[in-house]
Amino acid sequence: MSTKEEVERGLAHPQGAPRGLLLHYMLHKISKNPCHGYEILQEIDAKTEGAWRPGAGSIYPILKKLLENGYIQSDQKTGADRRIYSITTKGVETLKEDEKTFLFSGQKWMAMRRLFIELIEPDQLVRFLSDGTRGQFEMAQEIIRTKSNEIPPKDLEYLLKEYKLTLERQLDWAAQTLTELEPVAGTKTKRK
């Protein structure tokens, strides 16, 4: 495999996701609701819209490792001879410790966005920005929809007010930039 193919494979397949993400997500998923490995595979595929599809060769060794280390336990087998896993106290403690690490990783990925933008040619920026803006809005909606019951009401109100303020600033900036792009005194100007 050429270096270019290796790079494309690494960028196209998020196996380059932050180290430990799969293990941490699996532990998180099991903590929310006891489940079997195949359910975890299905959920990752659905939540990432098929962008990340870890295989059974990744999932089941991690489940075995989590069992051996006492983070989860195997409760029962379903009719399809699938084990149902649930989290242990040790697993819950590990999730709490790891949360800060993943929050920091997410912030680091956001900080690197300028590098990604530099790598994108100007003719592709329109699609990149419009898809990114739409995706960011959809993600904010999903976070609020799925986590609003877990966020204290005052914090949720603050979050929504901050989000509204940010959107208003973005709207004002976009309106001002559009005004600046309009032709001056009826003459057409062409942007380069």
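The values are calculated or read from the model by the stated rules, or taken from the named source; none is laboratory data. Because the structure is predicted, anything quoted here is derived from the model rather than measured. Heads up, the Cβs are rebuilt from the backbone with ideal geometry, glycines too, and the neighbour counts pull from every protein chain shown.
Each residue in the range 120-136 was checked for being under 16 Å from Leu167 (Cα atoms) and part of a loop (DSSP other than H, G, I, E, B), and 0 pass. Number of residues in the range 44-57 that are touching a residue at least 12 places away in the same chain (Cβ under 8 Å), out of contact with any helix residue (DSSP H, G or I) (no Cβ under 6 Å at 6 or more places or on another chain) and surrounded by 12 or more Cβ atoms within 10 Å (Cβ to Cβ): the value is 2. Can you find a residue in the range 152-171 that is farther than 21 Å from Met110 by Cβ, out of contact with any Ser or Thr (no Cβ under 7 Å at 6 or more places or on another chain), hydrophobic (A, V, I, L, M, F, W, C) and part of a helix (DSSP H, G or I)? Among the residues of the range 152-171, at least one is farther than 21 Å from Met110 by Cβ, out of contact with any Ser or Thr (no Cβ under 7 Å at 6 or more places or on another chain), hydrophobic (A, V, I, L, M, F, W, C) and part of a helix (DSSP H, G or I), which makes the answer yes. Of all residues in the range 142-151, those satisfying the criterion of being part of a helix (DSSP H, G or I) and surrounded by 10 or more Cβ atoms within 10 Å (Cβ to Cβ) are Glu142, Ile143, Ile144, Lys147. Counting only helices (runs of 4 or more DSSP H) that sit completely within the range 1-119, those holding 1 or more residues that are at pLDDT 85 or above and more than 23 Å from the chain's Cα centre (by Cα) correspond to 56-68, 89-111. Going by the structure shown, is Glu99 of a type in the set (D, E, K, R) and loosely packed, with under 12 Cβ neighbours inside 10 Å? So Glu99 does not fit the description; no.
Going by the conditions given, is Glu118 under 27 Å from Leu21 (Cα atoms), charged (D, E, K, R) and free of Cβ contacts under 8 Å to residues at least 12 places away in the same chain? Yes.
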